[in-house]
Amino acid sequence: MRGNLSSVLALSGFKRFAVLLIILLPGTVFTIRKAAGQSDIPSVTDTVFIASLIRQSEKYWYTFPDSSILLAGEAVSKMDTVKFAELFSHACNSLGTAYYMKGFHSICLDYYFKALRIDERMKDSSDIAADLNNIGNIYLVQAKYDKAYEYFSGALKLRYNLNDTRGIGNALLNIANLYISQSDYEPALVHARKALGIFDSLNDKEKLVAIYSTMGTISNNIGISGEALGYYTKALHLAKEINDLQSECILSLNLGNIFSQEGKTGKSILYYEDAVSIAQDIDYLEGLSSAFEKLYLTYEGMKMYEESFQYYKLFVYMRDSLQRKENIEALVKNEMEYKYEKEREMARMEQEKKDLLATEREKQQNLVLIILMILFSGVLVVAFLIYRSYREKKKANSELNQKNKIIEQQNRDITDSIEYAMRIQGAMTNTEYLFTKYHLDYFIVYFPKHIVSGDFYYLTPVPAENGSESKSTYMIATADSTGHGVPGAFMSLIGIMLLDEIIVQKKIMQPDKVLDMMRDEIIKILNPEGRTEKTYDGMDMVLCKFDFERMSLEFAAANNPLYIIRRGEITDYRPDKMPVGLYFGNEKPYTPYSVPLQKGDIIYTITDGYPDQLGGPKGKKLKYSAMKELFVSVHHLTMKEQKKKIEETFRKWKGEYEQTDDICIVGIRV
């Protein structure tokens, strides 16, 4: 869930965090519409698919807003606004909310108004109220308070007419936030208490988080910090129950501010550090920026200048990142306006073409009438000539229209193929959730140099003897494709498809055999028969087979090493010095390794981006030796803490230097 903190920075103290929390909770900034696929929409083949896209878009609002934009945008592009009016309105609402999560408020507002116009045409009071509520919240974020109140009041009136208890609660809560933003706390408290009574009776924990946070903000700003502490603590407990990580982050910041205000710096630091940890887990840039700012100011007040300076640098970096994100909004808006103007110009040209054809038809008719009146005797000849001319024009127009349709279809096919390839890449390379699904104690450090990466990681369970999914045996790969960016990403897709084909379909489970077969297939794919120039692209890879029931590890390594730390000692397993692909040396089978495991062992697999990174005081490579020392120094920490330490070390080493290569490190504790 992402908002723009800049719009609330002017609020005094830590009120800004609570206001942001209320604004961003689902059901407040955006009232969720009737579930996609449940409305009375035309019974067509695409309906189920479009409804599914919208549901998936809403599912990713808070976790993957970029994916949410892609899915909702795909739904909007596939619908006719008349034939699919209600579903189109729902898709616009979902797309607007996804843009809000990215902080693109003006684009979000465009789509909310599109949804409102459609719902007003259909006279759907429930959806109109939801649209008014959503628009009001955007104006609230933009500090346009009069407009925000206008739309909130309209939504509240409709909710009372509909006797919609939950909707009334949402509208009351948003009006309370509006009053808070204007430092008018008495009416804010009245509205918040009314909303509390409604959502407490409904046992709606998500909304209770928002209300307690609002009441905490009010209490603190009228000087009752003890009462504010109680409200924020209640909200934090509820947020943890429903796993609302962004609310946890913001509430931790609010609690840290209270303790800081009371002079309890030790407690405030603990809450600020919790906020940093949560914000890093969910990639919440605004939360990170605020937490780093609070930590550097707190340590500065404690005269701990070294710690203060470290957090100040992180704060400046996050502040600059947020500024770049705001600049993107303007670029996207310009692109949308260009696209709209282009479509309007095409419509104008089409209308001019129709008008011209109509004028020509009128001239021809007048000409025929004049000729009939003057030379009746020649009517048959003239009629024949006109008919022949008409047929020729019709044939020419038909051929032209057919060619235009072919060109348009080709353009659509190319565009659809590119967009579909992007979705496939994102779906195929996003396998980290499997590590969590199978309860592995792990971490993954993954830094693409560009937007897409040639490095990738891979996990699949090994089928049990009875053919069911294994609960203890897994194939895990860490790989570095030739190049980075788009070329590397396409190589990574080839690698993932070949791993699935060889392991899942052909059921080859020996890591060395899998690499042998992958090498053969990559050479065939990139060097087809008849091609004279050789292609030496491929990938470096470590492929492991973990059997946690038998406590064994089998693996093979192509150019990338594998490390095992046992009781504080690190063992370095050297790879075969040949890639998975064509190369200049003699091809040999990959060496199979088998290692018995012990509880507490930690296995690290890497690509070469981390040790090859330029940085430090002399701008040199980090090197493998330093990386091994780092593994040893952090191995006693939890895997989550190891990930944090490894990432911090990388950023500190890199400093102002450009990232050298894609980076991928996978660590697993037995």
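The values are calculated or read from the model by the stated rules, or taken from the named source; none is laboratory data. Just so we're clear, the structure is a prediction, and the values are computed from it rather than from any experiment. Cβ: placed from backbone, ideal geometry, glycine included. Neighbour counts: every protein chain shown. Note: accessible area is taken over every heavy atom of the protein model, side chains too, but ligands, DNA and RNA are not part of it. Shrake-Rupley method; radii C 1.70, N 1.55, O 1.52, S 1.80 Å.
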- prompt: How much area per residue is accessible in the stretch 443-572 when the probe is 1.4 Å and only protein heavy atoms are counted (Å²)?
  reply: 44
- prompt: Using modelled amide H (1.01 Å from N, peptide plane; none on Pro or chain starts), what sits under 5 Å from the amide H of L614, excluding residues fewer than 5 places away?
  reply: T660
field: Karplus 3J(HN,Hα) series, Hz, for the stretch 589-602 with 6.51 cos²θ - 1.76 cosθ + 1.60 (x for Gly, Pro)
entry: x, 6, 6, x, 10, 9, 10, x, 9, 10, 4, x, 4, 10
- request: Measure off, as a whole percent, the carbon and sulfur share of the 1.4 Å-probe accessible area of the stretch 47-156, all protein chains present.
  value: 54
task: Would you please give the FRET efficiency between D500 and D146, computed as 1/(1 + (r/R0)^6) with r the Cβ-Cβ distance and R0 = 41 Å, to the nearest 0.05?
output: 0.10
query: From the Cα gyration tensor of the stretch 609-670, with a ≥ b ≥ c the square roots of its eigenvalues, which class applies: rounded if a/c is under 1.5, or else prolate if a/b is larger than b/c, or else oblate?
result: prolate
query: Tell me, in nm to one decimal, what length is gained between L356 and E227 on full extension, where the rule is 0.36 nm per residue of separation less the Cα-Cα distance?
result: 39.0 nm
- prompt: Given a Förster radius of 60 Å and the C-beta distance between R388 and K78 as r, what FRET efficiency does 1/(1 + (r/R0)^6) yield to the nearest 0.05?
  reply: 0.85
- request: Pull up all non-local amide H partners of D441: gap of 5 or more, or a different chain, and H-to-H distance under 5 Å with H placed in the peptide plane.
  value: R669
- prompt: Given H placed on each backbone N at 1.01 Å, which residues far from N560 in sequence or on other chains put an amide H within less than 5 Å of it?
  reply: M541
field: Rough spin-label spacing in nm, given labels placed 7 Å along Cα→Cβ, for F113 and K534
entry: 6.3
- line: Diffing the stretch 212-220: the Karplus 3J(HN,Hα) column from phi (6.51, -1.76, 1.60, θ = phi - 60°), in whole Hz with x for Gly and Pro, holds 4, 5, 4, 5, x, 4, 4, 4, 5
- prompt: When the chain is fully extended, how far beyond the present Cα-Cα distance does K267 get from L202, taking 0.36 nm per residue of separation?
  reply: 20.0 nm
query: For the peptides 362-371, 111-120, 572-581, 290-299, what is the packing order when you average, over each peptide's residues, the other Cβ atoms within 10 Å and list the highest mean first?
result: 290-299, 111-120, 572-581, 362-371
statement: With 0.36 nm assigned to each residue of separation and the Cα-Cα distance removed, S52 to D441 gains 136.7 nm
In nm, spacing of pseudo-spin labels at N404 and S183 (7 Å Cα→C-beta vector): 6.1
- prompt: Can you run phi through the Karplus equation (6.51, -1.76, 1.60; θ = phi - 60°) for the stretch 547-561 and list ³J(HN,Hα) in whole Hz, with x for Gly and Pro?
  reply: 10, 6, 6, 8, 6, 9, 9, 10, 7, 9, 9, 10, 6, 10, x
Peptides 270-278, 452-460 ordered by average Cβ neighbours within 10 Å, highest first: 452-460, 270-278
